[in-house]
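Data block below; observations after.
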Amino acid sequence: MSATLRLTRAAFGAVQRASPRLAALWAERIFCTPPRRPISERMATWLREAQRFTVTVGGRRVAAWSWGEHGPGVLLVHGWGSRGGRFVDLGNALRTHGYRVVTFDAPGHGASAGRLSSGPEFARAAQAVANAAGGGPVSYIVGHSVGGFASALAMGRGLTVRRAVFLAPSANVNSYSTQFAALLGVDGPVMASMRGRLERRLGFSWKDLNIPAFAPEMNVPLLVIHDRDDGEVGWSDGAAIAQSWPGAELVTTTGLGHHRIVSDAGVIRQVVTFLSRT
């Protein structure tokens, strides 16, 4: 445990003992604040080659980009603390194969407005960007990590696609929230208060944020690729989604971890091949 985390945990414990209400407010802010990372010059260059557009989701501006005017559209949904530019390698491969590529920075990420974010807000942004993208409807979706989780939520709430790919997807909010509570030392009542605040603020039910629970109702062909050595989102999350989703295919990689899976050449070939099936 880092020195910063130890200090935060100690401070949070003191606040939690003195005022559970304030502790729930603080926990919510920490839980919903993604890390900020600078954009690389390679990603920035790729984004400058695109047509940029914006949508408004929940009163906040969401930055989005599209490449190409023809061909089937593929929406790329990044993970927690990342950005749309992270898909430069996959995006270029898709363009080479004739696809129209669309991506965006989720609320609270990258060039989009705000500082807080969540899976439901990712999902609403994905739906809004898919609806606003020029060149015709989006036919496919690829999501990484929380982006896979959010893609499933968006599909469950009406986003229509022909095929979907989830890379290292989170299966439900409970696994992450349990880790969060243990790391910060959040007790049960404060955690319950935080969940209630989030449900009211974002307009969702916590129990509904469980992909394997509603996956049996889905009929979109799905490819899940997850690495055995993923230290951030366990392989079991991707396996649980694939097992619950009718006809889903699960591909297990090794040695790529959670992040390199997005730009690995072998994974990209499998994604392009899967999307190209009729």
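Let's test the formula: R0 of 22 Å, r as the Cβ-Cβ distance of Asn219 and Arg269. What FRET efficiency results, to the nearest 0.05?
0.30
If each of Arg29 and Arg42 carries a label point 7 Å out from its Cα toward its Cβ, how far apart are those two points in nm?
Inter-label distance under the simple model: 3.6 nm.
Expressed as a fraction of 2.2 N^0.38 Å, the rule-of-thumb size for a compact globular protein of N residues, what is the C-alpha radius of gyration of the stretch 162-263?
Scaled against compact globular proteins, the figure is 1.20.
Against the 2.2 N^0.38 Å scaling, with N counting residues, where does the chain land? I'd like the Cα-based Rg ratio to two decimal places.
0.99
Need one number: % antiparallel among DSSP beta bridges in the chain, to the nearest 5.
Taking every DSSP beta bridge with both residues in the chain, the antiparallel ones total about 35 percent.
Just to confirm my numbers, what's the Cα centroid distance between the stretch 162-191 and the stretch 1-67 in Å?
Taking the Cα centre of each part, the stretch 162-191 and the stretch 1-67 sit 15 Å apart.
Ser205 to Ala182: extension gain in nm, 0.36 nm per residue of separation minus the Cα-Cα distance?
Result for the pair: 6.1 nm of gain on full extension.
Just read off the accessible area of Glu69 with the full protein assembly in place, 1.4 Å probe, to the nearest 10 Å².
130
Quick query: amide H of Val101 versus all other amide H atoms, modeled in the peptide plane; which residues come in under 5 Å with a sequence gap of 5 or more or a different chain?
Trp67, Val74
Take Asn131 and Arg60, extend 7 Å from each Cα along the Cα→Cβ direction, and tell me the distance between the two endpoints in nm.
Inter-label distance under the simple model: 1.8 nm.
Distance in nm between label sites at Asn174 and Asp89, each 7 Å beyond Cα in the beta-carbon direction?
The answer from the label model is 3.5 nm.
Over the chain, what is the relative contact order in whole percent, taking alpha-carbon pairs under 8 Å and six or more residues apart?
The value is 17 percent.
So which GluC sites (Glu not before Pro) in the stretch 14-51 end up in coil per DSSP with only 16 or fewer other C-beta atoms within 10 Å?
When the GluC sites (Glu not before Pro) of the stretch 14-51 are filtered for loop state and at most 16 Cβ neighbours within 10 Å, Glu49 remain.
From the protein chains alone at 1.4 Å, what is the descending order of accessible area for Ile141, Ile30, largest first?
Descending order: Ile30, Ile141.
For the stretch 4-106, just run the numbers: alpha carbon Rg, then divide by 2.2 N^0.38 Å, N being how many residues it has.
My calculation over the Cα atoms of the stretch 4-106 gives 1.49.
Of the beta bridges DSSP finds with both residues in the stretch 42-131, what % are antiparallel, to the nearest 5?
75
The values are calculated or read from the model by the stated rules, or taken from the named source; none is laboratory data. For clarity, every value in this text was computed on a predicted model and none was experimentally measured. In this analysis, Cβ positions are derived from the backbone assuming ideal geometry, glycine residues included, and neighbour counts consider all displayed protein chains. The accessibility values were calculated without ligands, DNA or RNA, using every heavy atom of the protein model including side chains. Shrake-Rupley method; radii C 1.70, N 1.55, O 1.52, S 1.80 Å.
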